[in-house]
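Below: the structure, in structure tokens.
What follows is calculated from the coordinates using simple rules that are stated; it is not laboratory data. From a predicted model like this one, the values you see are computed outputs, not experimental measurements. Note: ideal-geometry Cβ built from the backbone for every residue, glycine included; neighbour counts use all protein chains shown.
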Amino acid sequence: PKDVGILAMDIYFPPTSVQQEALEAHDGASKGKYTIGLGQDCMAFCTEVEDVISMSLTAVTSLLEKYKIDPKQIGRLEVGSETVIDKSKSIKTFLMQLFEECGNTDIEGVDSTNACYGGTAALFNCVNWVESNSWDGRYGLVVCTDSAVYAEGPARPTGGAAAITMLIGPDAPVVFESKLRGSHMSHVYDFYKPDLASEYPVVDGKLSQTCYLMALDSCYKRFCEKFEKLEGSSFSISDADYFVFHSPYNKLVQKSFARLYFDDFLRNSSSFVDEVAREKLAPYLSLSGDESYQSRDLEKATQQVAKQLYDAKVQPSTLIPKQVGNMYTASLYAAFSSLLHNKNSSLAGKRVVMFSYGSGLTATMFSFQLREGQYPFSLSNIATVMDVSGKLKSRHEFTPENFIQTLKLMEHRYGAKDFVTSKDSSLLSPGTYYLTQVDSLYRRFYAKK
Ligand code: ACO
């Protein structure tokens, strides 16, 4: 098969949200801390009637309907998630309900888990399958679904929730450059979920930032090496039109792109690094690797010199992550969706570099070549189907008090059995799945609005 990649996409995020400005004031944080300091505008969250299963049921159904895909045409279904609902039964098996009713139970694939990286693992599994000898000619389907919630404290405003679905096959408008992957994986306790009774992670926020930037450097180095070997010329940020990052909060994305700029400066590889920038960055040439991750002056200087390029190459992918928050496994692909939404018809012929990071840690940098493609699998149709503006506009704002109340209820519900939900679907749009009941054997029941 040729040009294997993403044929179609859809995104779902809960309509329930809280403004970061309001949360900031409520938490007694200094004005601008969440909106400018973290760079976030708004945060989506699940109420008691939604969870990672309902969100993915909604997103999969919507993709199949909107692109008119016969469920029998799916041969592999891979789910990426780090939200644990069951330690054995995969989210994938819940989604099988949608395929069984059409008589298709011949679908490979299960869940992949490692923090925010599971979605990328699921995506690679599907792409590798289509490119392999065991491919049977049908589509692969990838689902990234997470609800990111944190205990009270500085990490809480970096939550979010969403599900993304991606249809995988040949002749795609979003083509994988499969030879160009740079990974970095290692053993670190920066963010993990050892307490199985709680949905909240144990997180060392500062360490996770440093780990993210170190992994970025390492992946970029390997990505550049592979590019050089393959193309015979060196890679720099000028060789890609867009850079899309896993987005826990926007400030880290700003820092990440600035870091790539600094890497290019150190390697002396980018024509973008002009005289003025060279002068500004020269004082930092002597820093050791470790020192460079701790230097706030360097961070500020690189962000300043990279600002114009950031606006052109990164900013178009930041819309949904700023509006919805960290969606863990869905975060990188929601950023990519934002790019398709903002630039759809102008993207043909462009290269996009993607950076996936999951704490613990696993990270990969990879790239896409974009082509307009044939309807319904075209860049402009994907943008139309996702209807990002419509979904953002039809949201409902909760007060910080109501948001916190909701999280309190969810703390009790996590891991619980024998309850019915309010079944209140009034805030959900038609076609949305929602949780109605968890019975005395922990079995979960959903309805569709
Ligand atoms: N106006 C403008 N900016 C402000 C203000 C203000 N009033 N107050 C603070 N800031 C800035 C700070 O200067 C800082 O920016 P800088 O890094 O550019 O200097 C930023 O706001 C954050 O403030 P801090 O005090 O440094 O950090 P805080 O203690 O609030 O924690 C953190 C932030 C670590 C991101 C926390 O939210 C967290 O732990 N989140 C979860 C972990 C995470 O997302 N890690 C990322 C990778 S792993 C993953 O994806 C889960």
Filter pass, M43 being within 15 Å of the ligand (Cβ to nearest atom), closer than 19 Å to T329 by Cα, of a type in the set (A, V, I, L, M) and in contact with a Ser or Thr (Cβ under 8 Å, 6 or more places away or on another chain):
yes
For K221, all conditions in the list (1) in a helix (DSSP H, G or I); (2) within 16 Å of the ligand (Cβ to nearest atom) hold save one; what is the number of the exception?
(2)
Based on what the data block shows, is Q303 more than 12 Å from the ligand (Cβ to nearest atom) and part of a helix (DSSP H, G or I)?
no
Quick check on my filter: what residues within the stretch 380-435 are of a type in the set (K, R) and farther than 30 Å from A8 by Cβ?
K408, R413, K417, K423
If we scan the stretch 162-169, do we find a residue that is outside any strand (DSSP E or B) and in contact with a helix residue (DSSP H, G or I) (Cβ under 7 Å, 6 or more places away or on another chain)?
no
Being of a type in the set (S, T, Y), within 11 Å of the ligand (Cβ to nearest atom) and surrounded by 22 or more Cβ atoms within 10 Å (Cβ to Cβ) narrows S331, S317 down to just S331
When restricted to G232, G169, G205, the only residue more than 23 Å from E78 (Cβ to Cβ) and away from the ligand (no atom under 16 Å from the Cβ) is G232
Hits in the stretch 239-255 (condition: more than 10 Å from the ligand (Cβ to nearest atom) and either part of a loop (DSSP other than H, G, I, E, B) or of a type outside the set (V, I, T) (or both)):
D239, A240, D241, Y242, F243, F245, N250
Scanning the stretch 35-86 residue by residue, those surrounded by fewer than 23 Cβ atoms within 10 Å (Cβ to Cβ), assigned to a loop (DSSP other than H, G, I, E, B) and touching a Cys at 6+ places or on another chain (Cβ under 8 Å) turn out to be D70
With the requirement that a residue be more than 16 Å from the ligand (Cβ to nearest atom), assigned to a helix (DSSP H, G or I) and of a type in the set (A, V, I, L, M, F, W, C), what does the stretch 105-160 give you?
A122, L123, F124, C126, V127, W129, V130
Of all residues in the stretch 241-280, which are among the polar types (S, T, N, Q) and in contact with a helix residue (DSSP H, G or I) (Cβ under 9 Å, 6 or more places away or on another chain)?
S247, N250, Q254, S256, S269, S270, S271
